[in-house]
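Novice: Supplied in structure tokens, the structure appears directly below.
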Amino acid sequence: MTTRRERATGLAREVGRTFPVSDVALWAAGATYFGVIGLVPLALASLWAVGRLVGGDVLTEAMEAAIGGLPQGHGTPDALRTLTAVALGMPWWKTLVVLFPASLYGEGLRRAFRQFSDVPDRLTGWRGRAGLLGVAAVAPFLVVVVLAAAPVVGPLYAEGGWSLVLGVVIAFHVVFLTVSLALVALFRFVAPGRLGWKALLIGAFATGSVLAGFLQGFVVFLAIPIEWSAPFGGLPIVGAVSALALWLFLLHILVLCGFRATVVLDQALLHRRTASDAPPHGETPPS
């Protein structure tokens, strides 16, 4: 009988042995490219749906509460206000239109996931797009959870001191829950193959815990008083897009690493089930 520590060590060793180190940056960059195209339309569609669920005034107030707790530099407040206003002003048919570029993000993710999976795949682009639309149906409910916590977390962030520490703890757990559920949907509907539920939940929530901490770090990054446009001759748009693309690139590296670990865990659990179901050595299985 192997112990949990031995199984964890074996899992880590197998992930390291089979991990495509030389290509991870390439596929993370590819997913980032599709993310730059699709994430803003996905956010618009999600905010539009949230506005229909809870009302435009409630959404606007919750967004203002969230903005109040964020660093005010780099144009973040204006960007979030504009995003919310545009989403609330969209008619239903325009929401359907923005779902097309949003679905491209699913194609980019599935193409990247395919390189970290042992499952052959066909119609990768179309399946990725269809899977992302399924995630888009769940996304508004996750946004509602985040915005529901904003009136509590935002003032705590603004107060500083121990209130800030409490706000960080609450925000971490809210983000951890919502990001982990989003990863469950991505690993299940966008990634190729069908992972077992045990490996899926363990892998998604473990990856979600890392991403939750990474996203908290991004808030700190927003607070750094350095102009993003400085390396680009003072062009603000170029600086903002480059900084956000770099952040997305690092985020996708973490997601791909988490997905590969989930695939290896699923294979290990399948091997254990197969071994436990096999008859003892020298015996024949019952007919």
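The values are calculated or read from the model by the stated rules, or taken from the named source; none is laboratory data. It should be emphasised that the depicted structure is a prediction, and the values quoted were computed from it without experimental measurement. For neighbour counting, all protein chains shown are included, and Cβ atoms are generated from backbone atoms with ideal geometry for every residue, glycine included.
Novice: Of all residues in the stretch 232-245, which are surrounded by 13 or more Cβ atoms within 10 Å (Cβ to Cβ) and not small (Gly, Ala, Ser)?
Specialist: Of all residues in the stretch 232-245, those surrounded by 13 or more Cβ atoms within 10 Å (Cβ to Cβ) come to 232, 235-236, 238-245.
Result: 232, 235, 236, 238, 241, 244.
Novice: Output the residue which, of all residues in the stretch 106-154 that are of a type outside the set (A, V, I, L, M, F, W, C) and within 30 Å of residue 60 (Cα to Cα), is nearest to the chain's Cα centre (by Cα).
Specialist: 106
Novice: Spot the failing condition for residue 216; the list is (1) modelled with pLDDT under 90; (2) out of contact with any Phe, Trp or Tyr (no Cβ under 9 Å at 6 or more places or on another chain), and only one is missed.
Specialist: (2)
Novice: Determine the pairs where a residue that is without any contact (Cβ under 8 Å) to a residue 24 or more places away in the chain and closer than 10 Å to residue 74 by Cα, located within the stretch 214-230, has a partner that is in a helix (DSSP H, G or I) and not acidic (Asp, Glu) with Cβ atoms under 6 Å apart, the partner being 6 or more residues away or on another chain.
Specialist: 229/236; 229/239
Novice: Among the residues of the stretch 223-230, is any among the aliphatic types (A, V, I, L, M), part of a helix (DSSP H, G or I) and within 20 Å of the chain's Cα centre (by Cα)?
Specialist: no
Yes/no per residue for (1) modelled with pLDDT of 90 or more; (2) closer than 19 Å to residue 204 by Cβ; (3) not in a helix (DSSP H, G or I):
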{"position": "243", "(1), (2), (3)": "no, no, no"}
{"position": "249", "(1), (2), (3)": "yes, no, no"}
{"position": "274", "(1), (2), (3)": "no, no, no"}
{"position": "280", "(1), (2), (3)": "no, no, yes"}
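Novice: Please pick out the residue among 172, 187, 116, 176 that is in a helix (DSSP H, G or I) and over 22 Å from residue 220 (Cβ atoms).
Specialist: 187
Novice: Which one of the conditions (1) surrounded by 15 or more Cβ atoms within 10 Å (Cβ to Cβ); (2) over 17 Å from the mean Cα position of the chain (by Cα); (3) in a helix (DSSP H, G or I) does residue 195 fail to meet, given that it meets all the rest?
Specialist: (3)
Novice: Filter the stretch 83-138 down to the residues that are touching a residue at least 40 places away in the same chain (Cβ under 8 Å), among the charged types (D, E, K, R) and either crowded, with 23+ Cβ neighbours inside 10 Å or more than 21 Å from residue 251 (Cα to Cα) (or both) and list them by number.
Specialist: If the condition is that a residue be touching a residue at least 40 places away in the same chain (Cβ under 8 Å), among the charged types (D, E, K, R) and either crowded, with 23+ Cβ neighbours inside 10 Å or more than 21 Å from residue 251 (Cα to Cα) (or both), then 107, 110, 118, 121, 127 are the ones that fit.
Novice: Further, regarding this structure: I'd like to check something: does the stretch 155-170 contain any residue that is over 18 Å from the mean Cα position of the chain (by Cα), surrounded by fewer than 21 Cβ atoms within 10 Å (Cβ to Cβ), on the phi > 0 side of the Ramachandran plot and free of Cβ contacts under 8 Å to residues at least 60 places away in the same chain?
Specialist: Yes, some residue in the stretch 155-170 is over 18 Å from the mean Cα position of the chain (by Cα), surrounded by fewer than 21 Cβ atoms within 10 Å (Cβ to Cβ), on the phi > 0 side of the Ramachandran plot and free of Cβ contacts under 8 Å to residues at least 60 places away in the same chain.
Novice: Are there any pairs with C-beta distances below 8 angstrom linking a residue in the stretch 234-259 that is under 13 Å from residue 75 (Cβ atoms) to a residue that is among the charged types (D, E, K, R) and at pLDDT 90 or above, with the two at least 6 apart or on different chains, and if so which?
Specialist: If the second residue must be among the charged types (D, E, K, R) and at pLDDT 90 or above, no pairs are left.
Novice: Surrounded by fewer than 19 Cβ atoms within 10 Å (Cβ to Cβ), within 29 Å of residue 125 (Cα to Cα) and touching a helix residue (DSSP H, G or I) at 6+ places or on another chain (Cβ under 7 Å): which single residue out of 141, 176, 205 fits that description?
Specialist: When all the criteria are applied, what remains is 205.
Novice: Condition check: at pLDDT 90 or above and out of contact with any strand residue (DSSP E or B) (no Cβ under 6 Å at 6 or more places or on another chain). Does residue 65 satisfy that? So that I can check it myself, show each step before the final result.
Specialist: Working: at pLDDT 90 or above: no; out of contact with any strand residue (DSSP E or B) (no Cβ under 6 Å at 6 or more places or on another chain): yes.
The answer is no for residue 65.
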